[in-house]
Amino acid sequence: MRGHPRLDDLGPALPRERWTLVDAVRHQANVHGDREFLSFEDGKAVSFSEFDYLTDCLATALADLGLQIGDRVLGLLTNSREFMITMIAAHKLRAVFVPVNTELRGGFLEHQVQNSSPRIIVVDDDLLDRFGTVDTSQSDIETVVGVSDGTSVRSVPPGALADIPLVRMDSLLNTEPNMEALSDPTPSDVCTIMYTSGTTGPSKGVLMPQGHCYLFALGTVAAMELTEDDRYFCCMPLFHANGLFMQAYASLLAGSSCHVTKRFSVTDWLSIVREEQITVTNALGVMPEFIFRSPESPHDRDHKLTRILAIPVAEEWGVAMQERFGVKLRQGFGMTEVNMVSYSDLEDPVMAGCAGPPLSEFFDVIIADPETDAELPRDNIGEILVRPKVPFCFNVGYFNMPDKTVEAWRNLWFHTGDAGRMDSEGRLFFVDRIKDRIRRRGENISSYELEQALNEHPSVVESAAVGLRVPGAGGEDEIKAVLAIDGPAPDPVAFLDWCVPRMPRHTVPRYLEFVTELDKTASGKIRKQAIRDAGVTEDTWDRESVGYVISRN
């Protein structure tokens with residue numbers, strides 16, 4: 001792999017048969033002791049040795065509560081020390097940690113509770129009331145563990161959990177460790193279930209073995225060239241792989257420290273980078289562009305930050321962002337199910353969508369015709385298909401959804417649902433989600449590229465473009481653009497007049513809808529399926545309603 005060292009030579013000196021997060025925690029506790037591992041915006045911090053000790057304490061307490069091998073521990077937890085401790089404590093019993101999106105409510109939360117059927121729920125006090133309307137009758141919940149932020153202690157509200165015993169996290173952490181109650185996991189143990197964002201259907205619980213989680217972290221150590229002198233800034237949710245494995249646990253493997261905040265704030269981003277002496281961070285989705293488009297500051301280069309893993313990077317601002325902040329951007333391609341299968345090389349210039357060469361030591365990656373699964377020649381756009389070369393460094397299916405597992409794994413390739421291409425030098429380029437690609441007037445349109453163009457309008461904060469099948473479109477798509485506007489909505493005709501000279505004719509939207517903000521998942525993904533499902537609404541402006549015609553000139 002050009003530009004990357006061998007992964008076996010990185011991180012803790014652990015052979016592959018010990019590629020587990022528990023082994024990494026114990027090893028790094030012995031090596032780094034009282035050096036800081038994690039710090040949080042609430043002022044809490046934990047060293048490598050303290051993290052190992054506290055997870056032993058909680059694991060012992062969970063064993064006393066009856067948690068056994070394979071049982072699920074569901075965590076409805078914001079980014080916190082308790083989140084991290086709960087995860088490894090469950091792993092030390094060979095139980096399965098199920099971190100769920102803290103934005104979940106009602107049926108969305110109910111689906112994940114029922115699908116995962118946890119034995120124990122660990123929940124922030126401020127989120128306890130989310131369970132008031134959740135039907136847990138199909139689950140085997142025996143204990144609720146409440147986590148207080150220190151300002152107040154709440155009890156379980158009336159509803160589904162009212163008759164289930166509530167214990168406090170603080171008391172469990174005071175348990176004397178009993179090492180005989182703990183178990184040593186193996187790389188093949190399923191240790192985590194992460195749910196996909198559910199933008200295109202019911203969320204699917206990805207079964208993640210220890211080896212899969214370990215490689216997520218180790219790949220980041222290699223790609224970002226982490227050392228124990230680095231300090232990572234994690235402002236992404238820990239209930240997703242990027243924040244949890246690619247930042248927090250990458251720091252663990254590298255022996256570096258990690259500062260964690262509850263959420264991303266573009267207004268606070270640079271000040272935190274400076275105050276916490278951050279050297280490396282990740283930015284996903286709209287985050288890197290928001291950072292770039294933030295007001296310039298005399299402190300833009302007054303920091304220790306040197307590297308950002310930014311996915312995706314656009315041609316319009318990629319190089320300019322590097323120059324403005326004095327950093328190096330890296331890209332990559334991955335997903336919860338398949339791990340990170342590629343990273344761009346530092347010696348390559350920043351190229352929009354370039355995820356770099358696949359990690360051929362661990363994965364086979366091809367571009368295939370999405371209809372036939374036949375591999376396509378270089379520089380053709382198709383679906384990105386992946387399969388592992390190393391056991392248990394990949395998902396092992398969707399929990400309690402065998403039909404979805406078989407569908408994703410047809411023809412012995414995992415189907416990512418993403419469109420991409422492989423260039424002549426073997427670099428993988430991400431193009432779009434397969435279902436986000438729009439076909440109009442015989443042309444395939446990348447919604448991402450269209451959105452980048454729309455975002456250039458001075459009134460547009462961000463945008464979402466989708467294809468709609470409407471009568472008279474000849475079986476192809478008409479484009480609807482939903483635009484988050486800063487201030488009064490522009491005149492639709494004037495907006496299209498602005499668009500026409502800036503984009504190909506066939507990409508100019510037919511439908512416009514102006515909103516104050518776009519609906520997103522907690523990981524920052526726009527809920528495009530909801531826009532498709534809504535179609536043409538009473539708030540949608542149709543250019544054909546005023547006879548707007550785009551010249552072919």
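The values are calculated or read from the model by the stated rules, or taken from the named source; none is laboratory data. Everything quoted here is computed from the prediction, not taken from an experiment. Heads up, the Cβs are rebuilt from the backbone with ideal geometry, glycines too, and the neighbour counts pull from every protein chain shown.
Observations, loosely collected:
- With respect to the conditions (1) without any contact (Cβ under 8 Å) to a residue 60 or more places away in the chain; (2) surrounded by fewer than 20 Cβ atoms within 10 Å (Cβ to Cβ), E347 lacks only one, and its number is (1).
- Residue count, the stretch 507-537 (criterion: within 15 Å of L468 (Cβ to Cβ) and not polar (S, T, N, Q)): 14
For (1) acidic (D, E); (2) modelled with pLDDT under 90; (3) more than 25 Å from the chain's Cα centre (by Cα), each residue gets a yes or a no:
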{"position": "L468", "(1), (2), (3)": "no, no, yes"}
{"position": "P471", "(1), (2), (3)": "no, yes, yes"}
{"position": "L483", "(1), (2), (3)": "no, no, no"}
{"position": "C499", "(1), (2), (3)": "no, no, yes"}
{"position": "R502", "(1), (2), (3)": "no, yes, yes"}
{"position": "R505", "(1), (2), (3)": "no, yes, yes"}
{"position": "A522", "(1), (2), (3)": "no, yes, no"}
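- Filter result for R427 (of a type outside the set (A, V, I, L, M) and surrounded by fewer than 19 Cβ atoms within 10 Å (Cβ to Cβ)): no
- Where strands (runs of 3 or more DSSP E) sit wholly within the stretch 389-496, those with at least 3 residues that are within 30 Å of P377 (Cα to Cα) occupy 414-422, 428-433, 438-440, 443-445, 460-468.
- Subset of the stretch 44-95 that is hydroxyl-bearing (S, T, Y) and assigned to a loop (DSSP other than H, G, I, E, B) - its residue that is surrounded by the most Cβ atoms within 10 Å (Cβ to Cβ): S80
- Residue within the stretch 136-153 that is touching a Leu at 6+ places or on another chain (Cβ under 6 Å) and without any contact (Cβ under 8 Å) to a residue 60 or more places away in the chain present: yes
- When the criteria are applied in full, V266 meets the requirement of being under 19 Å from the mean Cα position of the chain (by Cα) and of a type in the set (A, V, I, L, M).
- Test for E383: is it surrounded by 19 or more Cβ atoms within 10 Å (Cβ to Cβ) and either part of a strand (DSSP E or B) or touching a Cys at 6+ places or on another chain (Cβ under 9 Å) (or both): yes
- Test: residue in the stretch 470-482 that is over 20 Å from G535 (Cβ atoms) and either small (G, A, S) or in contact (Cβ under 8 Å) with a residue 12 or more places away in the chain (or both): no
- Restricting D184, D163 to residues that are acidic (D, E) and without any contact (Cβ under 8 Å) to a residue 12 or more places away in the chain narrows the list to D163.
- For T220, the criteria (1) on the phi < 0 side of the Ramachandran plot; (2) over 17 Å from the mean Cα position of the chain (by Cα) hold in every case but one, which is (2).
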